[in-house]
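Q: Before I ask anything, let me first share the structure, which is written out below as structure tokens.
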Amino acid sequence: MKEEILGVKIDKIDLTGSLNKISDFLIDDRQHYIVTVNPEFIVEAQANQEFKNILNDADLAVGDGFGLVLATAGRLKRVTGVDLSEELLKGRLKSAKIFLLGGAGESAKISATKYPQAVVGAEPGGLINSQTFLLDNNEIILKKINSSGANVLLVGFGQVKQEMWISHNLNKLPNIKVALGVGGTFDYLSGQIKRAPKWLRIIGLEWLFRLFSQPQRLGRIFNATVKFSLLTFKDACFKISR
């Protein structure tokens, strides 16, 4: 079952259900990609049709954002990219062999050292072309992933870029059964950026913690809170008036 917010479809699924889905994907003969949809994704999708198509064509779209829970009156469960990645890295799925790609600085490689039982490779990636969505060292990275033995790929290039990169490159990675865009997950797992306390996450104020700890995120937080709220309110008013 899916919930639709401003034309973006999101699965009604919790963390356990998501892990069960990934377990099924790993024994399937097809490739799958997962998106962790947050309010910023939905705002971006209003002006970016290719991005919206990528989100709606995903094999699994989880709701990563308290704003989505509020917008659907609790019909969506929050499944963050950090939580989902951490469960995979802890070995919840024994068959998962994971490659970490992206993150700031050496965060992917630092994260890999914390989960040696699950990670078979890690690379920071490099500069990504905003037109082609290819890395400056794209072919080298693809070869490293292909030779690593990984069947799960976590990509942390930040929203839009990571989903675009996966869409343009997954077919060049035949051993990867599941690819997942994880945003700034490696920065948190490596300890380079502190995550909000759990109680703030539970009550939906993680954005406030981020604003104080990372004021440079003001524009993104504005999109995720104010702009998203205005768009959903306008949409709700339009549906009522019809």
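We did not get these values from a lab; they are worked out from the coordinates using the rules stated. Because the structure is predicted, anything quoted here is derived from the model rather than measured. Note: ideal-geometry Cβ built from the backbone for every residue, glycine included; neighbour counts use all protein chains shown.
Q: Give me the net charge of Arg30's neighbourhood, meaning all other residues with Cβ under 12 Å from the Cβ of Arg30; Lys, Arg count +1, Asp, Glu -1. Spell out each step's value before the answer.
A: Values: positive: Lys177; negative: Asp24, Asp28, Asp29, Asp59.
Within the 12 Å Cβ shell, the charges total -3.
Q: Gly183's amide H: which non-local residues (gap 5+, or another chain) put their own amide H closer than 5 Å, with H modeled 1.01 Å from N in plane and none for Pro or chain starts?
A: Under 5 Å from the amide H of Gly183 lie the amide H atoms of Phe157, Gly158, each far enough along the sequence or on another chain.
Q: Quote to one decimal, in nm, the extra length available between Thr132 and Glu50 on full extension: 0.36 nm per residue of separation minus the C-alpha distance between them.
A: On the way: separation 82, 0.36 × 82 = 29.52 nm, distance 1.28 nm.
Result for the pair: 28.2 nm of gain on full extension.
Q: Give the cross-link partners of Lys12 among the aspartates and glutamates, using a straight C-alpha distance below 15 Å as the criterion and excluding same-chain residues fewer than 8 apart.
A: In chain and number order, the partners are Glu3, Glu4, Asp59, Asp64.
Q: Can you run phi through the Karplus equation (6.51, -1.76, 1.60; θ = phi - 60°) for region 82-87 and list ³J(HN,Hα) in whole Hz, with x for Gly and Pro?
A: Ordered by residue, 3J(HN,Hα) equals 5, 5, 5, 4, 5, 5 Hz.
Q: If Lys and Arg each add +1 and Asp and Glu each add -1, what is the summed charge of the other residues whose beta carbon sits under 10 Å from the beta carbon of Asn151? Walk me through the intermediate numbers first.
A: On the way: positive: Lys97, Lys177; negative: none.
In short, +2.
Q: Excluding Ser167 itself, what net charge comes from residues whose Cβ is under 13 Å from its Cβ, given Lys and Arg +1 and Asp and Glu -1?
A: Working: positive: Lys52, Lys161, Lys172; negative: Glu50, Asp57, Asp59, Glu163.
Here the count lands on -1.
Q: Once you put a point 7 Å from the Cα of Val226 and another 7 Å from the Cα of Ser95, both along the Cβ direction, what distance in nm separates them?
A: 4.8
Q: What full-extension length gain, to one decimal in nm, is calculated for Glu4 and Arg30 as 0.36 nm per residue of separation minus the Cα-Cα distance? Please report the intermediate quantities before stating the final value.
A: Values: separation 26, 0.36 × 26 = 9.36 nm, distance 2.55 nm.
Extending this stretch completely gives an extra 6.8 nm.
Q: Between Cys237 and Asp14, what is the FRET efficiency for a Förster distance of 35 Å, r being their Cβ-Cβ separation, to the nearest 0.05? Each step should come with its number before you reach the end.
A: Working: r = 30 Å, r/R0 = 0.87.
Plugging the Cβ-Cβ distance into 1/(1 + (r/R0)^6) gives 0.70.
Q: From the Cα trace of region 51-152, what convex hull volume per residue do you get, rounded to a whole Å³? Spell out each step's value before the answer.
A: Details: hull volume 14.2 nm³, N = 102.
Given the Cα convex hull of region 51-152, per-residue volume reads 140 Å³.
Q: Let me ask something additional. Rounded to the nearest 500, what is the 222 nm mean residue ellipticity of the chain from helices alone, with -39500 (n - 2.57) per DSSP H run of 4+ residues and division by all residues? Mind dumping the intermediate values first?
A: Details: 13 runs with 108 residues, N = 242.
Result for the chain, helices only: -12000 deg cm²/dmol.
Q: Another one. Each residue of region 139-144 in order: what ³J(HN,Hα) in whole Hz does its phi give by Karplus 6.51 cos²θ - 1.76 cosθ + 1.60, θ = phi - 60°, with x for Gly and Pro?
A: 5, 5, 5, 4, 5, 5
Q: Explain nothing, just compute: Karplus ³J(HN,Hα) = 6.51 cos²θ - 1.76 cosθ + 1.60, θ = phi - 60°, for every residue of region 14-27 in order, whole Hz, x for Gly and Pro.
A: Couplings: 9, 5, 4, x, 5, 5, 5, 4, 5, 4, 5, 4, 5, 9 Hz.
Q: In terms of the ratio Rg/(2.2 N^0.38 Å) built on C-alpha atoms, what value belongs to the chain?
A: Details: Rg = 17.3 Å, N = 242, 2.2 N^0.38 = 17.7 Å.
It is 0.98.
Q: Distance between Cα centroids, region 131-194 to region 39-110: provide it in whole Å.
A: If you average the Cα positions of each part, the centres end up 13 Å apart.
Q: A further question on this structure: Under 16 Å from the Cα of Lys52, which lysines turn up, not counting those fewer than eight places away in the same chain?
A: Candidates past the 8-residue exclusion: Lys2, Lys9, Lys161.
Q: Students often forget the sequence filter, so: which lysines lie under 22 Å Cα-Cα from Lys97 once same-chain residues fewer than 8 apart are removed?
A: Lys21, Lys109, Lys114, Lys143, Lys144, Lys172, Lys177
Q: Taking the Cβ of each residue in Tyr115, Tyr33 as the centre, tally the other Cβ atoms inside 10 Å and list the residues starting with the fewest. All intermediate terms of the calculation are to be shown ahead of the outcome.
A: Numbers: Tyr115 18, Tyr33 22.
Arranged by neighbour count, lowest to highest, Tyr115, Tyr33 become Tyr115, Tyr33.
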